[in-house]
Amino acid sequence: YSRRRVTVRRPSRIFHPVKILHKYVLKEHVGPLVFAMTALTSILLLQYIAKRFGELVGKGLPWTIIAEFLGLSVPLTVALSMPMAVLVSTLYAFSRLAAENEITAMKAGGVSLRYVLMPVLIAAPGLTLFMVAFKDQVLPLPNPTLRPPPAHLPHQTPHLGWPPQPTTQIRPGTLVSA
């Protein structure tokens, strides 16, 4: 018997090919990230608009200005809700993997936890750079436009068109509105 040594050439560790497991773990994060991003952005946008509701409604402003205010508020709420959405999606994805014993099956198959976390750890700096660019380039654009209404608007009172209410005199000197 002659034994020959066969050398197996391993791929470079710098350019790591995307494996099926990496795609699966990232796919588990995308759904919860989209849902959490939509839900949190909607909640924060409604909260922001509710806070400014008194400045907008009842001042005689056209609906286009109110719609523009709504559109200009979206980048701010996206910037605020993205970190929370990433946290929610990460917690949801890994807790689902653990609840269905998929992490246990991966460990039993010889896959280390570091290998399971690798796609998330690689995607995190990419998402961070995207958010830095978003906050640097996109977020400042609506800020000059998104300021409180001019000072003369709060002095205008809305006219609701209600007729004056009749009053009834119960005792001399006491008036009761109907």
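Coordinate-derived values only; no laboratory data. Since this is a predicted model, take the numbers as computed values, not measurements. All Cβ positions, glycine included, derive from the backbone under ideal geometry; neighbour counts span all protein chains shown.
Quick notes on this one:
- For K23, the lysines whose Cα falls under 20 Å of its own Cα, not counting residues fewer than eight places away in the same chain, are K107.
- Residues of segment 84-106 with an amide N closer than 19 Å to a point placed 7 Å from the Cα of A39 along the Cα-to-Cβ direction: 84-100.
- Those lysines that a straight Cα-Cα span of less than 20 Å connects to K59, excepting residues fewer than 8 apart in one chain: K51
- Stretch gain in nm, segment L129-A105, where the contour uses 0.36 nm per residue and the Cα spacing is subtracted: 5.3 nm
- A Förster distance of 22 Å, applied to the separation of the beta-carbon atoms of L46 and L72, puts the FRET efficiency at 0.90.
- Full-stretch length increase - K27, T7 - with 0.36 nm per residue and alpha-carbon distance subtracted: 3.7 nm
- The simple spin-label model puts a point 7 Å past each Cα toward its Cβ; for E55 and Y115 those points are separated by 5.5 nm.
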